[in-house]
Every structure is written in structure tokens, then in C-alpha cells.
Amino acid sequence: MPFTMLTSRMVEAQVLPGQTLFSQRGAMLAYRGDVRFTPSITGGQRGVRGMIGRRIADEDTPLMTVEGQGTVMFGHGGHHVQVIDLAGDTLYVESDRLLAFDGSLRQGTMFLGSQGGVMGMVRGQVTGQGLFTTTLEGHGSAAVMAHGGVLELPIGPGRPVHVDPQAYVAHRGDVRNKLSTAIGWREMVGRGSGEAFQLELSGTGMVYVQASEEKL
């Protein structure tokens, strides 16, 4: 169920019979055809356990189930939108950044401590993400929101990417991340980045960075 960019802040999705789309509540701007919108109790995760897990993790942004046949236009708060296509890999993103995504994608939650231990948890506090993040896995597309547009930065072996944690939006692929302090002699003499913390991402995949340090 592909998304088509209408503007930098709006996307259009084609809804087909027998297929499901999930969107953030309040994100529908307009639609054509016979399309039904119903509140999603489990939020894209199967069963009650998924719903409870999302609420415990504070990743329970209200979602709508979109079904039927037609086209739907989505946008929210005037935020910039980035469409991310997944081909069997996993996307790591905050639930409140998800504008809409294919129902074919498996949604889950991940404890940040499993990616970097204590520093992973510290990263969650520094970025304002908390201790958990949302995962989307499989084949399909997701529309993600950000401030000021999004830059895609490839991550490859021996080519880690260092990101301001406040500008981090999402990442996908086989990527390891760790939070490091950037205070050293360079900062003392005014030759550093000026950021107290940096998020280092290594492995193979892609990181998405917004042109702002503002949260949604």
C-alpha cells in the first residue's frame, strides 16, 4: 500500500479491499471512495498483550484502522513527512512520529537498554524518548513526521554516523547505537561540535535526521 508525497507535509495512500492501514488519530485530512475509519485498540499489535505492552512502554499513541477502497490524504500539525520503505528490515521510531503505516508491518516495542545498556537508557532520557521505542518490521511503507524536513544518512561498515540526539528521527537496518559524551579538549578550546552528547550509529542501514532539535 504505497504512499505518494503530495507536498513535503502531506501524503496520499491508496486503500485496497482486504488490506489494512494504520494512521495516527486526527491525521486524516481528506479521502475519496468507500473508506472506513475505526479506533484501533491494539494499535497494530496483535492481541491484548500487545496493547498492554504498548501502554506500559508509553508507546500507545492512539491509532485508527483504515480499510475499504479509495484514497486518503494524511498530514498532522504541519509537520514534514518522510516516507520510509521497508524490505524485510526493521524501522526504529517513536510512536508519536508515526503518521501512517502499512498494516502488513509487524509492530512491536523495544527496551532501549537492549541497545547500549545503561547508556541506551540515558539516551532515551536525553532525547526525550523515554525507555522504549516502537519497531516496525517486514515489507511495507511508513510515513514518519519530523520538524524542518529529513535527511537520510547511510551507515556502512567502518562508516559510523554521529548524530545530535535531539535531531534523531529514526533508523532502520542492522544498526547498533550508543550515546557518548562529547566534552573534551576540543570543546574546551572551542573546536568541538558544541553538543554535550552525540549518538553514534554503526553497522549497516540508514539513519533519518531532522533539520531541528525540537520534539514533536
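Scanning segment 97-106 for residues that are surrounded by fewer than 18 Cβ atoms within 10 Å (Cβ to Cβ) and either more than 12 Å from L21 (Cβ to Cβ) or among the β-branched types (V, I, T) (or both) returns a single hit, R106. Of the set (1) at pLDDT 55 or above; (2) of a type in the set (G, A, S); (3) part of a loop (DSSP other than H, G, I, E, B), all apply to S141 but (3). Of all the residues in segment 175-186, those that are farther than 23 Å from A143 by Cβ and either modelled with pLDDT of 85 or more or open to solvent by 100 Å² or more (accessible area, probe 1.4 Å) (or both) number 5.
Inside segment 199-216, can you point out the residues that are surrounded by 20 or more Cβ atoms within 10 Å (Cβ to Cβ) and touching a Gly at 6+ places or on another chain (Cβ under 8 Å)?
G205, Q210 - these are the residues of segment 199-216 that are surrounded by 20 or more Cβ atoms within 10 Å (Cβ to Cβ) and touching a Gly at 6+ places or on another chain (Cβ under 8 Å).
How many residues are open to solvent by 60 Å² or more (accessible area, probe 1.4 Å) and not in a strand (DSSP E or B) when one looks only at segment 17-31?
Quick first cut of segment 17-31, residues open to solvent by 60 Å² or more (accessible area, probe 1.4 Å) only: 17-19, 25-26, 28-29, 31.
Next, from what is left, pick out any that are not in a strand (DSSP E or B): 17-19, 25-26.
Residues meeting the conditions: 5.
Mind checking whether some residue in segment 2-9 is at positive phi, at pLDDT below 95 and not in a strand (DSSP E or B)? No, every residue in segment 2-9 fails to be at positive phi, at pLDDT below 95 and not in a strand (DSSP E or B).
Summed over segment 79-108, residues that are of a type in the set (S, T, Y) and free of Cβ contacts under 8 Å to residues at least 60 places away in the same chain total 1.
The values are calculated or read from the model by the stated rules, or taken from the named source; none is laboratory data. Values in this document were obtained by computation on a predicted structure and should not be read as measured data. Here the Cβ is made from the backbone with ideal geometry for all residues, glycine too, and neighbour counts use every protein chain on show. Heads up: the accessible areas ignore ligands, DNA and RNA and are worked out on the full protein's heavy atoms, side chains in. Shrake-Rupley method; radii C 1.70, N 1.55, O 1.52, S 1.80 Å.
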